[in-house]
Amino acid sequence: MERIRDAILAGASGEELARLPLPEQYRAAVVLKEESSMFEGLASEDKDPRRSLHVQEVAVPELAPDEAYVAVMASAINFNTVWTSIFEPLPTFGFLERLGRESRWGARHDLAYHVVGSDASGVVLRVGSAVRRWKPGDRVVIHCNYVDDQDPSAHDDSMLASNQRIWGFESNFGGLAELTLVKANQLMPKPTHLSWEEAAVNALCNSTAYRMLVSRNGARMKQGDVVLVWGATGGLGGYAVQYVLNGGGIPVGVVSSADKVKLLHELGVERVIDRKEAGYRFWADEHTQDESEWRRLGRDVRALAGDDPDIVFEHPGRSTMGASVFVAKRGGTVVTCAATTGYMIEYDNRHLWMKLKTIKSSHFANYKEAWEANRLVDLGAIQPILSTVFPLEKVGEAAYQVHHNLHEGKIGVLCLAPSEGLGVEDPEKRARIGEDRIGVFRRHGA
Ligand SMILES: NC(=O)c1ccc[n+]([C@@H]2O[C@H](COP(=O)([O-])OP(=O)(O)OC[C@H]3O[C@@H](n4cnc5c(N)ncnc54)[C@H](OP(=O)(O)O)[C@@H]3O)[C@@H](O)[C@H]2O)c1
């Protein structure tokens, strides 16, 4: 992999890269099947990704006709890597076993190790015989919707495909590695003004936020909508507030520190609630919610935005869903894609049906949505929210930080890229978009 990395850094052509031999092994961040029960009996917060994530050599898998090998220059931590590394809600080896039963090609994934990671930027090294759109040398980012496009159920909205999976979570050979194996229909052009690590952090969270707010499959935000965004400087929230601002909506960001309030102001989000300072206690105890606290949040949102939220951008789950359903406007939408704090949700259904509210579910994005979201990054309309960068060897620490909410935006991981700042192809475009806009989270993280 070193020869390949050096060739990429030296600007080798696609033909030159195609001629370089592929190694038999590469370095990758893995969890091990034999360690699946290592955290049994511990509370979630005590399950430590630094113990379960290992960086080791793994074998290069065989290439299927519709796939590509990509040399990974940089990757990112997503919350799904936290889930995998703490083996919650289930060890991901069950996903790999199921994929393994599907076909000869699926069987490659069912291994005693799981290479994790669902984001990456890099360079195509080889393509399978059925790949038409991509070739060695192409600089790409990778989205994580892994679908078998020979299944008819994948041909309306591919997120409805019966065999839809998330690459690097429900499939093996993910992005936190020097090399990855992906379907050609996961590839998208790398935004030319970004470094490898800035380009690597966007696809998963950016595409998810796009579908939730902009696409016809989500809440279909319109100009003037008040949008309450939980975790507004987190991985999803940092893109969500940008979509609300771009689309002429009125974001109300919720965060948990004065520092994050400052960051949101820098992003142009004027209306911000510090939930720590406000001290909301939506749950009086483990089993009982306190409606008066939902009302207090509702009053705070009205005081800031002059109205109730047309849309609530939900992902914390159990801790906030009761409040989210309550504060949404009559006829409004709670759009949800996750449940970080617990998936057994409770809300008062009277507030939902009597006020004709909708709970809209969303999950990642189809290829078209991911492509549109990536195009907006390439146009400089959506900025990367990279705040910190770790080397691949420190992937456990990086996942630990996300697990314990110690980060802002996205944490990038350098895989083959030896240092930050490499890979910018169009410095003039970068200057046009503006270093100050591109680097808001990075400056803050530093
Ligand atoms: N379905 C999908 O396709 C999809 C895609 C991406 C992510 N997800 C899921 O979405 C969730 C969030 O992902 P992410 O990347 O945004 O994670 P993240 O970077 O950790 O951000 C989550 C934010 O949620 C806020 N938060 C945490 N606990 C909270 C609580 N009890 N009440 C209110 N806010 C709380 C935190 O902000 P403050 O502390 O500042 O309030 C944090 O910044 C994860 O569960 C992830 O697995 C799903």
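The values are calculated or read from the model by the stated rules, or taken from the named source; none is laboratory data. Computed from a predicted structure; not experimentally measured. Here Cβ is always computed from backbone atoms with ideal geometry, including for glycine, and neighbour counts include all displayed protein chains. Note: areas computed on protein heavy atoms with side chains; ligands, DNA, RNA excluded. Shrake-Rupley method; radii C 1.70, N 1.55, O 1.52, S 1.80 Å.
Structure above, values below:
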{"item": "Single match in 168, 122 (criterion: within 16 Å of the ligand (Cβ to nearest atom) and out of contact with any helix residue (DSSP H, G or I) (no Cβ under 6 Å at 6 or more places or on another chain))", "result": "168"}
{"item": "Strands (runs of 3 or more DSSP E) contained in segment 308-385 and holding at least 1 residues aliphatic (A, V, I, L, M) and open to solvent by 40 Å² or more (accessible area, probe 1.4 Å)", "result": "358-361"}
{"item": "Residue in segment 285-293 that is farther than 26 Å from residue 403 by Cα, within 13 Å of the ligand (Cβ to nearest atom) and either open to solvent by 10 Å² or more (accessible area, probe 1.4 Å) or at pLDDT 95 or above (or both) present", "result": "yes"}
{"item": "Residue list for segment 214-236, restricted to those being within 13 Å of the ligand (Cβ to nearest atom) and more than 8 Å from the chain's Cα centre (by Cα)", "result": "215, 217, 218, 228, 229, 230, 231, 232, 233, 234"}
{"item": "Filter result (assigned to a strand (DSSP E or B) and of a type in the set (A, V, I, L, M, F, W, C)) within segment 45-86", "result": "55, 58, 59, 68, 70, 71, 72, 73, 74, 76"}
{"item": "Scan of segment 92-134 for residues that are assigned to a strand (DSSP E or B), among the β-branched types (Val, Ile, Thr) and in contact with a Gly (Cβ under 8 Å, 6 or more places away or on another chain), ordered by number", "result": "115, 123, 124"}
{"item": "Selection status of residue 231, modelled with pLDDT of 95 or more and surrounded by fewer than 24 Cβ atoms within 10 Å (Cβ to Cβ)", "result": "no"}
{"item": "Flag if residue 130 is within 16 Å of the ligand (Cβ to nearest atom) and of a type in the set (A, V, I, L, M)", "result": "no"}
{"item": "Residue in segment 263-282 that is acidic (Asp, Glu), crowded, with 18+ Cβ neighbours inside 10 Å, within 13 Å of the ligand (Cβ to nearest atom) and assigned to a strand (DSSP E or B) present", "result": "no"}
{"item": "Meets criteria (within 16 Å of the ligand (Cβ to nearest atom), open to solvent by 60 Å² or more (accessible area, probe 1.4 Å), more than 14 Å from residue 395 (Cα to Cα) and not in a strand (DSSP E or B)) for residue 89", "result": "yes"}
